[in-house]
1. Identify which of THR218, THR167, THR120 has the largest mean-square fluctuation in a Gaussian network model of the chain, with springs joining Cα atoms closer than 10 Å.
2. With each label point set 7 Å from Cα along the Cα-Cβ vector, what nm distance links ASP243 and ASN4?
3. Can you give the charge dipole size of region 1-143 about its Cα centre, rounded to the nearest 20 debye, using +1 on the beta carbon of Lys and Arg and -1 on the beta carbon of Asp and Glu?
4. Length gain on complete extension for the stretch ARG169 to GLN224, per 0.36 nm per residue less the alpha carbon to alpha carbon distance?
5. In region 194-262, with Lys and Arg counted as +1 and Asp and Glu as -1 at Cβ, which of these residues, GLN238, THR223, ILE205, has the Cα nearest the positive end of the dipole, that is, farthest along it?
6. Only Cα pairs under 8 Å and at least 6 apart count here; give the relative contact order of the chain as a rounded whole percent.
7. If you place +1 on the Cβ of every Lys and Arg, -1 on the Cβ of every Asp and Glu, and leave all else neutral, what size is the dipole of region 217-268 about its Cα centre, to the nearest 20 Debye?
8. Would you work out the charge dipole size for the chain about its Cα centre, treating the Cβ of every Lys and Arg as +1 and the Cβ of every Asp and Glu as -1, and quote it to the nearest 20 debye?
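Read-outs throughout are calculated quantities, based only on the coordinates presented, and are distinct from any laboratory measurement. Model, not experiment: these values are computed from the prediction. Here the Cβ positions follow ideal geometry from the backbone for every residue, glycine too, while neighbour counts run over all protein chains shown.
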Amino acid sequence: MISNVENAIGVFDSGVGGLTVVRALMERLPFENIVYFGDTARVPYGVKSVETIRTFAREITEFLLKKQVKMLIIACNTMAAVAHEEIVGISSVPVLNVIEAGASAAAETTRKHFVGVIGTPATINSNAYPRAIHRCDPRIRIFSQACPLFVPLVEEGWLDHPVTRMTAREYLQCVTCNDIDALVLGCTHYPLLKPMLQEIVGSGIILVDSAEAMAEETARTLTQMDLWNPARVQPDYQFFVTDVPLRFQSIGERFLGRALPGVHLVKW
Ligand code: DGL
């Protein structure tokens, strides 16, 4: 398939969290059109089985390909961890994923070669981050921790709440006792906890935000594949969700850091 450079970049996630990636993309690639898909009716994915996540990922991929996207970005760490191959297998356009981007950023960041990774249970159990980090540098030792309570806490808006702080201390204790100097935020929701997490882990540990790394990786790929949109006009942003858009819109504005234009409800 020949991609039209003016076609949108398709970004998808299990829900609202992938908007952290969209935000980074909007800042880094201000003239690219974006179509976002958030499966708000079926979120969270991070505690579901691999088979279920793969089925959902295939459905979303097919939906976005029908929108004629020129590239797909798996913003959801959980889908990237367990469904990357399935998605690549049915995609006619390049597929980037947030784990590859986060892993190479982590490998570039660490000096001590001790890296922590936090994510949903599905992401951590898949071992996708350690494999991706080792592809960049096999010397790095990785210490992982699943943090299943972070997603609901962020969705609740408890970004600086005593309960979140206590939960974070508990989760991070094991990871940080290993003398790491980089901690990968391996979930779409975690960048919103950055100030609190940084305070807890201290200034000696660099937080690797896979959303920012993803935007850099996308820019590199657009150059390599000659896919930059040459138009210098206000781009078109479209958002598709599977549940009534109201909640997506209110929480989404927090993720995106700006007003959310037209959100459409998908009828499969
Ligand atoms: N988007 C998911 C991730 O990045 C978090 C939310 C979920 O569990 O579906 O892993």
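1. Among THR218, THR167, THR120, the largest GNM mean-square fluctuation belongs to THR167.
2. Going by the 7 Å Cα→Cβ label model, 3.5 nm.
3. On the way: 15 positive and 13 negative charges, 85 e Å.
Once rounded to the nearest 20, the dipole reads 400 debye.
4. Numbers: separation 55, 0.36 × 55 = 19.80 nm, distance 4.16 nm.
So the extension gain works out to 15.6 nm.
5. GLN238
6. Details: 523 pairs, mean separation 72.8, N = 268.
Computed value for the chain: 27 percent relative contact order.
7. On the way: 6 positive and 5 negative charges, 29 e Å.
The calculation lands at about 140 debye.
8. Taking the Cα centre of the chain as origin, the dipole is about 120 debye.
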